[in-house]
């Protein structure tokens with residue numbers, strides 16, 4: 001099931017959604033066994049911003065019957081801390097590395113892109129223009145014109161592949177995708193979380209989450225993801241990374257059938273750290289039964305597999 005994506009040869013079409021699988025924490029727990037049995041074909045980092053961020057105040061999570069709401073707020077070490085501390089360790093992963101970045105203006109994003117442009121450890125960049133947990137998160141992703149202006153500022157800064165992560169919280173995601181393609185994006189990814197809130201069970205009228213609202217993810221958004229991926233595929237020719245509520249190979253197959261080239265897994269990894277490998281293996285089985293895939297993917301076994 002090898003897949004060619006933006007010049008990268010991936011061993012299967014399943015990657016992670018940014019911010020949902022902490023590879024460094026997993027390495028600390030499972031050691032080198034994680035490297036021998038890494039669950040994703042590529043790894044997308046948590047969002048990196050110019051300055052360090054503490055994130056939103058707690059509580060940060062609310063469990064739903066079909067997923068969760070998170071209000072994490074993009075905590076990170078900032079670009080200097082990431083380059084000095086995280087990038088060297090992430091470069092040890094046995095898969096291509098995509099760095100997710102976010103800024104509050106095209107100029108700020110361009111500076112972030114330039115910081116990674118010459119780093120050989122980085123295979124590509126994902127531009128986060130869609131996070132609903134930060135006030136500036138929708139600034140460049142809700143309108144085609146803003147997205148076009150962002151790409152015009154960023155595209156000259158690097159030859160590395162640029163993936164634009166679209167927001168579902170806008171009027172026309174497909175129009176934003178078309179603007180991204182027209183101004184130099186190499187791919188788009190969708191969907192990000194859908195804006196939502198939860199009320200405090202013991203304090204009437206008060207929100208539970210420290211940030212007030214957050215992003216809904218998991219099975220609750222799967223139908224939204226399928227609809228938006230299909231709509232975007234009707235407007236663009238560039239590759240699409242589809243995500244939203246993927247729990248099984250069947251869910252991944254549905255996204256591919258809707259027009260995605262790769263599938264990203266997010267919330268499911270909180271329940272099953274090996275979800276990427278499992279879903280890829282299930283997807284290969286579906287392909288073998290239908291005769292649509294000539295390759296065969298067999299998930300490797302290791303101490304990491306046995307200990308989760």
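Values quoted throughout were computed directly from the atomic coordinates according to the rules given, and no laboratory measurement underlies them. For clarity, every value in this text was computed on a predicted model and none was experimentally measured. FYI the Cβ positions are ideal-geometry reconstructions off the backbone, even for glycines, and counts take in every protein chain you see.
What the table below lists for this structure:
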| quantity | calculated |
| --- | --- |
| Cβ-derived FRET efficiency at R0 30 Å, residue 63 paired with residue 155, nearest 0.05 | 0.15 |
| Relative contact order, percent, the range 3-306 [alpha-carbon distance under 8 Å, six or more residues apart] | 20 |
| Beta bridge orientation in the range 3-306: antiparallel %, DSSP, nearest 5 | 40 |
| Kirkwood estimate for the range 3-306, i.e. one over the average of 1/r between Cα atoms, Å | 19.3 |
| Theoretical ellipticity at 222 nm over the chain - DSSP helices of four or more residues, -39500 (n - 2.57) apiece, nearest 500 | -8500 deg cm²/dmol |
